[in-house]
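The values are calculated or read from the model by the stated rules, or taken from the named source; none is laboratory data. Quick caveat: nothing in here was measured; it's all calculated off a predicted structure. Glycine gets a Cβ as well: all are built from the backbone with ideal geometry, and neighbour counts include every protein chain shown. Side chains included, ligands, DNA and RNA excluded: accessible areas come from the protein's heavy atoms. Shrake-Rupley method; radii C 1.70, N 1.55, O 1.52, S 1.80 Å.
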Amino acid sequence: MMVGSQWLSQHASGAAFSRRSLIVVLPLTLLVASVRVGGQLIGSPLDCHKTCVCASNIVSCSKMNLTHVPLALPRYTAILDLSFNSITRLHAEWTPVKLMRLDSLLLSHNGLVFLSSEAFVHVSRLRSLDLSSNGLRQLDEYIFEPLEYLEVLLLYNNRISQIDRTAFSGLLNLQRLYLSQNQISRFPMELVKERGRLETLRLLDVSSNRIKSLPLQELQALPAWINNGLYFHNNPLPCSCELYDMLARWHLKELSSATDYRSSLTCLLPGAQKEKLAVLDLDKVYLNCSEVRVMEEKAYLEQFLVLDCDTRERDMKKSWELPGNIPVSPDHKTVMVRSDSSLQIGPLKVEDSGVYTCLATSDTFNETLYVTVLVFNSTSSGGLENLKTAYTTLVACLVSVVMVLIYLYLTPCRCPCCPDQGLEKTDPTDSLHSSTVSISQAHEEMEQQERVKGGGFSYRQVPFLQPKDQLEQNGRLNPIGEEDEEWQGDSRERRRSDAESVSSVCSDTPMVV
């Protein structure tokens with residue numbers, strides 16, 4: 001017997017049929033097909049014998065080629081499985097009654113392309129929603145806001161390329177969000193940042209997308225219990241030492257996001273071929289990045305140091321041990337455990353160097369972290385003082401050189417305000433010659449006055465001269481030690497006459513012993 005839409009399509013083309021035939025066929029059609037009510041297609045009533053499997057509070061209608069959600073679902077339904085069907089659109093009235101006990105809704109592998117903004121109003125108690133392996137292209141604003149109790153949201157293997165920043169608002173209890181194998185090009189940092197962060201989120205999977213850059217500095221600042229669940233492997237990320245540094249630290253801390261998919265954490269080398277390389281091999285092969293050593297702190301004398309116990313799980317009970325496995329106690333005056341379970345040390349001494357141990361425990365998980373502290377035997381200001389001393393010495397040397405250069409090469413003052421500016425100085429020897437001439441003129445005037453008074457030559461005392469001095473006095477005076485041939489022009493004649501006048505005065509003066 002033909003039922004449903006197949007029967008209607010074959011018998012509705014002008015063929016006459018009786019009212020009785022409709023009465024007989026219509027109930028059969030409602031079992032597997034949708035009907036039009038008020039101009040809109042709705043699903044057929046639930047049939048737990050032919051179209052679905054009902055077991056207690058579980059309703060499974062998987063692989064039944066449904067195009068719409070069945071009607072009249074029991075109010076006590078806790079798990080509804082509609083996967084592997086052909087439900088392409090999820091309207092607001094897909095369930096006319098509130099299913100307040102519905103815990104899990106499975107809609108994977110349906111070719112779903114449309115979600116109404118009110119699609120989840122009547123199922124606000126959902127804890128798990130599976131929308132994976134469909135054809136969704138975007139997530140509109142506040143699309144999941146009614147699902148305040150939702151803990152797991154599966155959206156992987158869709159075609160999502162656009163996500164509104166408010167799409168996940170209201171998910172106050174969301175713990176795991178799967179967005180892998182989509183077409184996402186931006187890392188949704190707003191989901192894990194302090195402001196607007198989903199407080200309970202433990203896992204965010206954006207692997208196998210089209211993300212070409214990551215906010216590395218912001219990711220490194222996140223606590224380890226968040227980074228432990230951030231999966232972004234198989235994305236076209238460019239290779240860099242910053243990316244290697246972050247992932248190497250995560251790997252040394254044994255974070256799941258870095259250890260579970262180590263071989264899939266790849267990056268693209270520069271070039272036209274876009275060759276892939278494992279990120280954790282960048283220190284050996286391509287970029288020769290510096291080796292990363294986890295949890296190492298360096299400090300100077302008299303400083304204060306704070307050591308964090310950054311565990312993979314949240315809200316763990318933590319305790320500290322000093323070098324030598326000595327538990328921290330109130331007797332240690334320079335060591336204190338702070339309210340956030342971090343350890344404060346200081347003022348530091350050289351003896352504070354060593355390995356500090358953080359012991360973290362919980363009901364299901366234990367973790368031990370080691371922090372190596374190295375205290376340098378100097379203060380942080382010592383290097384600055386040495387630098388200041390060197391700088392002062394260099395400045396003093398430069399000033400000395402400048403003063404010497406000024407003394408040697410600066411030309412005499414030629415300003416009108418300077419004294420003796422009216423005198424013309426064309427040669428450095430002019431001052432010496434002028435003084436010599438003035439002396440000779442003064443001698444001549446004195447001799448003439450004495451001759452007038454005494455009628456003869458005056459007797460005067462002179463010091464004995466060395467032979468060399470006598471030769472210079474009796475010869476021709478050359479004050480600057482240069483040959484007369486170096487003088488040129490009028491200056492040469494004037495200087496010769498000055499020298500001869502001096503020598504003549506000296507030769508006419510009698511020598512008295």
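Structural remarks
- Within the accessible area of segment 206-286 (1.4 Å probe), percent carbon and sulfur: 46 percent
- Normalised size of segment 257-340, defined as Cα radius of gyration per 2.2 N^0.38 Å with N residues, equals 1.69.
- Taking every alpha-carbon pair within segment 217-282, the share separated by more than 15 Å comes to 48 percent.
- Sorted peptide list for 136-143, 125-132, 309-316, 210-217, criterion being average Cβ within 10 angstrom, highest first: 125-132, 309-316, 136-143, 210-217
- Anisotropy class of segment 81-216 from Cα gyration tensor, a/c 1.5 cut: oblate
- Excluding ligands, DNA and RNA, the accessible surface per residue across segment 76-218 is 46 Å² with a 1.4 Å probe.
- Sulfur and carbon atoms: percent of accessible area, segment 85-166 [1.4 Å]: 41 percent
- Mean projected area (nm²) of the alpha-carbon convex hull when segment 143-222 is viewed from all directions: 4.9 nm²
- Residues whose amide H comes within less than 5 Å of that of Tyr300, counting only those at least five positions distant or on another chain, are Phe376 (H built at 1.01 Å from N in the peptide plane).
- Carbon and sulfur %, accessible surface of segment 332-379 computed with the full protein complex present, 1.4 Å: 52 percent
- Euclidean distance between Cα centres, segment 172-204 to segment 338-366, Å: 31 Å
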